[in-house]
1. Quick one: helix 19-30 against the long Cα principal axis of the chain, what's the angle to the nearest 10°, folded into 0 to 90?
2. Please work out the average accessible area per residue across the stretch 3-80, using the 1.4 Å probe convention, and give it in Å².
3. Using the charge dipole of the chain (Lys, Arg: +1 at Cβ; Asp, Glu: -1 at Cβ; taken about the Cα centre), state which of V14, A27, T60 has its Cα farthest towards the positive end.
4. Carbon and sulfur atoms: what percent of the 1.4 Å accessible area of the chain do they account for?
5. What percent of all Cα-Cα pairs in the chain falls in each 5 Å bin, counting up from 0?
6. With axes computed from alpha carbons, what is the tilt in degrees of helix 52-62 against the longest principal axis of the chain, rounded to the nearest 10 within 0 to 90?
7. Quick one: accessible surface of D77, probe radius 1.4 Å, all protein chains present, in square angstrom to the nearest 10.
8. Tell me what the chain gives for mean residue ellipticity at 222 nm when only DSSP H runs of n ≥ 4 count, each as -39,500 (n - 2.57), the sum divided by the residue total, rounded to 500 deg cm²/dmol.
Amino acid sequence: MRDISRHLRITGRVQGVAYRAWTQAEAQAKGLTGWVRNEADGSVTALVQGPEDVVQAMITNCHSGPGAADVRDVQVDRAEAEAVEGFEIRR
């Protein structure tokens, strides 16, 4: 399976509900690399990299997020691979 990189923009009630920590834990459990951060407009963005099937599973999970989240939409775009070790929360 080939590795892919995807940029995600998650909207809805996704800040103040531990969405970044949940994303990091899910990505680490799946062996993915990348990052996640809050945006000024209230959305969360992430870069998710790894085997195509695992990245797709992560995208599916992002539609739900942690229990307190209310995800309205997950926009997915192709992204250039970044040299990132592990999966980090960016501020």
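The values are calculated or read from the model by the stated rules, or taken from the named source; none is laboratory data. Source: prediction; values computed, not measured. Don't worry about glycine lacking a Cβ; one is built from the backbone with ideal geometry, like all the others, and counts go over all protein chains shown. Heavy atoms of the whole protein, side chains included, go into the accessibility calculation; ligands, DNA and RNA do not. Shrake-Rupley method; radii C 1.70, N 1.55, O 1.52, S 1.80 Å.
1. Computed tilt is about 30 degrees.
2. Values: 3750 Å² over 78 residues.
On a per-residue basis, the stretch 3-80 sits at 48 Å².
3. V14
4. Working: 2140 of 4960 Å².
Taking all protein chains in place, the chain shows 43 percent carbon and sulfur surface.
5. 3, 16, 30, 28, 16, 6, 1, 0
6. Helix 52-62 and the main axis of the chain meet at about 0 degrees.
7. Taking all protein chains as shown, D77 has close to 90 Å².
8. Working: 2 runs with 23 residues, N = 91.
Using -39500 (n - 2.57) per qualifying helix, the result is -8000 deg cm²/dmol.
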